[in-house]
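A short worksheet on the structure shown next.
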Amino acid sequence: MSDKEILKKAIEKAVKNGWKPIELKENETIGDIRTNENGATFYKRKKYSRKPKFEPSMRIGIGIGLKDIILSHDFPKALFGNKIRKTFEVRNDKWHENVIEWKYHLQQMVILSDNEKFKYLKKFL
């Protein structure tokens with residue numbers, strides 16, 4: 001699976017779990033998502049009660065950079081969830097445990113290179 005496909009699947013999973021990468025009006029949803037190695041472009045789609053009409057303005061994409069997607073707080077929250085992850089660590093002679101799942105994964109991705117971030121995301125798709 002290419003980096004582009006990994007990013008698209010991760011974005012689709014996060015959107016399905018409630019992530020909103022772009023501001024949407026009440027009558028809009030996310031339509032097409034186009035990804036590349038630098039980020040993603042999101043296209044809005046209107047929700048219609050009748051047959052949809054073509055609106056050229058709806059084909060204007062909103063681009064978001066890779067780091068703005070992956071390293072935001074909202075994306076990992078939607079992708080990994082708010083469950084508690086059991087971890088054990090000694091800091092200042094005290095035991096620390098119980099990290100929220102999305103925070104743990106965000107910390108892991110921050111230290112990785114862009115290529116490694118894709119490999120990391122692939123494990124959770």
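The values are calculated or read from the model by the stated rules, or taken from the named source; none is laboratory data. For clarity, every value in this text was computed on a predicted model and none was experimentally measured. Here Cβ is always computed from backbone atoms with ideal geometry, including for glycine, and neighbour counts include all displayed protein chains.
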Number of positions in the stretch 1-29 that are of a type in the set (A, V, I, L, M) and surrounded by fewer than 18 Cβ atoms within 10 Å (Cβ to Cβ): 3
Cβ-Cβ under 7 Å pairs, at least 6 apart or on other chains, the stretch 1-25 side basic (K, R), far side surrounded by 16 or more Cβ atoms within 10 Å (Cβ to Cβ) and at pLDDT below 90: K4/T35; K8/I33; K8/T35
